[in-house]
Amino acid sequence: MRSAKRLAEIRKLPCVRCGQSPSQAAHSNSSKHGKGRGIKADDAYTVPLCHSCHSQFDQYKLGSRGESEKLFEQWLVRVERMLNQTDKDIF
């Protein structure tokens, strides 16, 4: 799934790791989320990361592949809560 709307909403949020802005929409690096050679994961599996954190995440400098997947899962839960709260604030 590709969603320009979700990516735009993700970019509005601060970095889920360090809190800095601006952030980038960082896709999951896990094959269970659709990641493959030359294929980005589904846009539903994106979190906001600043440039530095995004680079470290993609290069596995934040931990092993398994540790990175666990981190991403935690971030994704937090980001979904943030997005849901933002939606409620609009109405």
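Structure values in brief
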read-out	value
Per-residue HN-Hα couplings for the stretch 18-30 [Karplus 6.51, -1.76, 1.60; θ = phi - 60°; Hz; x = Gly/Pro]	10, x, 6, 10, x, 10, 10, 7, 9, 7, 4, 9, 9
Difference of contour (0.36 nm per residue) and Cα-Cα distance, ALA44 to ARG65	5.6 nm
Computed over the chain: relative contact order in percent, which uses C-alpha pairs under 8 Å that are six or more apart	27
Other-chain or far-sequence residues with amide H under 5 Å of ARG17's (modelled H)	CYS50
Lysine pairs in the chain with Cα atoms under 19 Å, if 8 or more residues apart or on separate chains	9
The stretch 42-49 - phi-based ³J(HN,Hα) in whole Hz, Karplus 6.51/-1.76/1.60, Gly and Pro as x	3, 4, 5, 9, 10, 9, x, 10
Residue-averaged 222 nm ellipticity for the chain, from DSSP H runs of 4+ at -39500 (n - 2.57), nearest 500	-15500 deg cm²/dmol
Estimated distance in nm for a label pair at SER30 and ARG11, the labels positioned 7 Å out from Cα along Cα-to-Cβ	2.6
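Taken together, the values in this text are just the output of simple stated rules run on the coordinates, not laboratory data. None of the values given here were measured: they were computed from a predicted structure. Because the Cβ atoms are built from the backbone with ideal geometry, glycine has one as well, and the counts that use them run over all protein chains shown.
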